[in-house]
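Taking it in order: structure first as structure tokens, then the write-up.
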Amino acid sequence: MALLTTRPKTGPNGSESRRSVGDTVAEVRGHHRSFGSTHVLRGADLTVRRGEFVALLGRSGSGKSTLLRSLAGLDPSPKGEVSVTGRTSVAFQEPRLLPWRTVERNVELALLNTVRDASRSEKVRGALAEVSLTEKTDVWPGSLSGGQAQRVSLARALVSEPDLLLLDEPFSALDALTRIEMHALVTQLWERHQPAILLVTHDVDEAIALADRVLVLDQGRIAREWQVPLRRTSRSPEHHQIAQLRDEVLGALGVTPTNAHHQETGAA
């Protein structure tokens, strides 16, 4: 399910401050993570600024999802290595909807720490309206398509107005047409709410189409980083800048670009 972690931030007078686009919302410094004798992260460094969209790529087993889980607070981190300011929520590859709760009640899970009143119900229904699922409010998750279930997951992740939204390959199980629709929806929601987003993906084209920055994780560290040129509406795969960036990212992933059209690099 979408996870909500609340880390309230305060201003000089002690009151809760809201977003200031460009400030740091998440910072990872020298982060190490091991599972038994296997070292997954080896001093990883990462900064995510408020309001920016970052895509994280890496070969299978590179530690992408491990880094995301550290930022979400799902895995223990040594003091000082991982810092997140504000509210954080997560949407995973599997929507993780509870089958015994209606769509509305699944989205409401992200607001369990708030008073159950008319305003909470209004927020939930508003979130479902944003993902075009108003008519599914009272249905059971088992009756939803894969794309609809992922829309519910997104509504649940965003209903709390997070400062940092972590997306762990949320589109990889969807068919091609539904993925295109979900890309457009995520972009619309990001532009409307302006959370910082860290998207873990194995799809180079998806990363370039959606993100402001593209990162490659290799040997436990961020090995390469690119700013994505052009407005999102101008990022045609045929554009020379986009084609060049794609080749560079694929090369950093160890894939020969000439043989790699739409090739996936594997999931962590």
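Would it be correct to say that ARG235 is of a type in the set (D, E, K, R), surrounded by 21 or more Cβ atoms within 10 Å (Cβ to Cβ) and farther than 28 Å from ARG29 by Cβ? The answer is no for ARG235. Tell me, yes or no, whether region 99-107 has at least one residue that is under 27 Å from GLY251 (Cβ atoms) and not in a strand (DSSP E or B). Among the residues of region 99-107, not one is under 27 Å from GLY251 (Cβ atoms) and not in a strand (DSSP E or B), which makes the answer no.
Quick check on LEU128: is it of a type in the set (A, V, I, L, M, F, W, C) and either in contact with a Ser or Thr (Cβ under 8 Å, 6 or more places away or on another chain) or in a loop (DSSP other than H, G, I, E, B) (or both)? Here the answer is yes, as LEU128 does meet what is asked. Residue count for region 245-254, restricted to those that are surrounded by 12 or more Cβ atoms within 10 Å (Cβ to Cβ), out of contact with any helix residue (DSSP H, G or I) (no Cβ under 8 Å at 6 or more places or on another chain) and either modelled with pLDDT under 95 or small (Gly, Ala, Ser) (or both): 1. When region 29-51 is filtered for residues that are assigned to a loop (DSSP other than H, G, I, E, B) and more than 22 Å from the chain's Cα centre (by Cα), the ones remaining, listed by number, are GLY36, SER37.
Out of contact with any strand residue (DSSP E or B) (no Cβ under 7 Å at 6 or more places or on another chain), modelled with pLDDT of 95 or more and either surrounded by fewer than 16 Cβ atoms within 10 Å (Cβ to Cβ) or of a type outside the set (Lys, Arg) (or both): does that describe ALA44? For ALA44, the condition - out of contact with any strand residue (DSSP E or B) (no Cβ under 7 Å at 6 or more places or on another chain), modelled with pLDDT of 95 or more and either surrounded by fewer than 16 Cβ atoms within 10 Å (Cβ to Cβ) or of a type outside the set (Lys, Arg) (or both) - is not met. Pairs linking a residue in region 119-130 that is touching a residue at least 40 places away in the same chain (Cβ under 8 Å) to a residue that is surrounded by 18 or more Cβ atoms within 10 Å (Cβ to Cβ) and assigned to a helix (DSSP H, G or I), with Cβ atoms under 8 Å and 6 or more positions apart or on different chains, are GLU130/ALA155; GLU130/LEU158; GLU130/LEU189. A single entry from LEU74, LEU67, LEU154 fulfils the requirement of being closer than 30 Å to VAL249 by Cβ and part of a loop (DSSP other than H, G, I, E, B): LEU74. Of all residues in region 224-238, those being outside any helix (DSSP H, G or I) and either modelled with pLDDT of 95 or more or basic (Lys, Arg) (or both) number 7. Look at (1) within 29 Å of VAL40 (Cβ to Cβ); (2) surrounded by 18 or more Cβ atoms within 10 Å (Cβ to Cβ) and you find that LYS79 fails only one, number (2).
Scanning region 83-114 for residues that are touching a helix residue (DSSP H, G or I) at 6+ places or on another chain (Cβ under 7 Å), at pLDDT 95 or above and surrounded by fewer than 16 Cβ atoms within 10 Å (Cβ to Cβ) returns LEU98, PRO99.
The values are calculated or read from the model by the stated rules, or taken from the named source; none is laboratory data. The structure displayed is predicted, hence computed values, not measured ones. Ideal geometry is used to build each Cβ from the backbone, glycine not excepted, and the neighbour counts take in all protein chains shown.
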